[in-house]
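Have a look at the structure below, then the notes.
Computed from the coordinates by the stated procedures, all read-outs in this text should not be read as laboratory data. Just so we're clear, the structure is a prediction, and the values are computed from it rather than from any experiment. Reconstructed Cβ throughout: ideal geometry from the backbone, glycine too, with neighbour counts over all protein chains shown.
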Amino acid sequence: MSQATDYRMPAEWEPHLATWIAWPHRQSDWPGKFRPIPWVYCEIVRQLTQCERVRIEVVDATQEADARKKLQRAGVDLTRVDFYTIPTNRCWTRDHGPIFVTNSAGQKAITDWHFNAWAKYPDWQLDDAVPATIAAHHQLPAWQPTFQGRRVVLEGGSIEVNGAGVLMTTEECLLSEVQQRNPGMTREDLEATFATYLGIRQVIWLDRGVVGDDTHGHIDDLARFVNPTTIVTVLEDSISDENFEPLHENLERLKAARRIDGGRYEIITLPMPDPVVFDGQRLPASYANFYIANDRVIVPTFNDRKDRLALGQLAELFPDRDVVGIHCGDLVWGLGTLHCMTQQEPLGAGESLGFAAG
């Protein structure tokens, strides 16, 4: 693949054919709290199937049967759900799943980045094979980005795009020597790779992610595009909170950023929930980890006094979509919430949902 191609990564709010998720199976990801997790997934699938297909990765037929039973009990229309036997190490589809790109003719392809479990855990081999498996099943072109002869490591949660050539990420995630994804790759090398494979013309580099983030700085807990020129970012008001300084630093960077045409971005701040702590560990609870589906936005909530404020702010930013809160007090114990577990597949030329949304 060369820069001459016109493939780009669409924005999340552009039309989807489906959302991909991996059904939860690794109990050690939610130690002592696994039992409610599949039911949280059921509610997420119930919401998403109102407006698009949901494609679920399961490890085997036994897990598929269990998922079907639970989804049916939760009132999910199973005719809008597709199951794929694709074994995984973990269920964080945002990071191990395919990153889809499209061209001006509406043709789809998959960028198959290397996944190495956030440069932290030894078991990633099953997850790393997921994009190639999906590409082969759907007979889609797939490209593995490389740099100096080795595959480039990238997780979907580490990048955020506006669909018009701009990408946001953090220095903590992609440039730090801690959990170092791509030793030897410079800022300029990464920007060139994003240009080649994702159609990116500008990269906005923020500083650090939120406290408690196991990924070491993913952008999707921090700052998100809600349209091509508007960014929402989380902000901590308590000066005594560990998040206060880094989140204010990121806000200043966003205020200083310029669009490709030279104008400024509109910056909207979202509150942070009060610290969510379980078993002595602070968890990465953030309202920025929302997911934009075809006719709705699902937003993590935490039984917090600021839930309603965050939902109201996002409702104003998405006037043509329903904004739906989903309680993630248990889900976040796995160190991720709604955006982390989903990956959108754009609607390609000649494709349709196959049902009336809503």
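List of remarks:
- Residue order, fewest to most surrounding Cβ atoms within 10 angstrom, among Lys120, Lys33: Lys120, Lys33
- Under 23 Å from the Cα of Lys69 - lysines, other chains or at least 8 residues apart: Lys33
- Beta bridges by DSSP in the chain, antiparallel share as percent, to the nearest 5: 40
- Legend: ranking of residues Asp220, Asp304, Asp320 from fewest to most surrounding C-beta atoms inside 10 Å; resulting order Asp320, Asp304, Asp220.
- Annotation note: chymotrypsin sites (Phe, Trp or Tyr not before Pro) in the range 23-82 located in DSSP loop regions with a Cβ neighbour count of at most 15 within 10 Å are absent.
- Descending principal axes extents, the range 16-147, alpha-carbon based, whole Å: 44, 37, 22
- Of (i) 27, 25, 21; (ii) 43, 21, 19; (iii) 39, 23, 20, the label for semi-axes √(5λ) of the Cα gyration tensor in Å derived from the coordinates: (i)
- Per DSSP, loop trypsin sites (Lys or Arg not before Pro) in the range 262-305 with at most 10 further Cβ within 10 Å: Arg305
- C-alpha center-to-center spacing [the range 210-257, the range 274-310] in angstrom: 14
- Seen from Phe318, the other residues with C-beta closer than 14 Å to its C-beta sum to a net charge of -3, counting Lys and Arg as +1 and Asp and Glu as -1.
- Taking Cα centre as origin and charging only the Cβ of basic (Lys, Arg, +1) and acidic (Asp, Glu, -1) residues, the dipole magnitude of the chain rounds to 680 debye.
- Order of Met185, Met168 under a 10 Å beta carbon neighbour criterion, fewest first: Met185, Met168
- Around Val152: net Lys/Arg minus Asp/Glu count, Cβ-Cβ under 13 Å: -2
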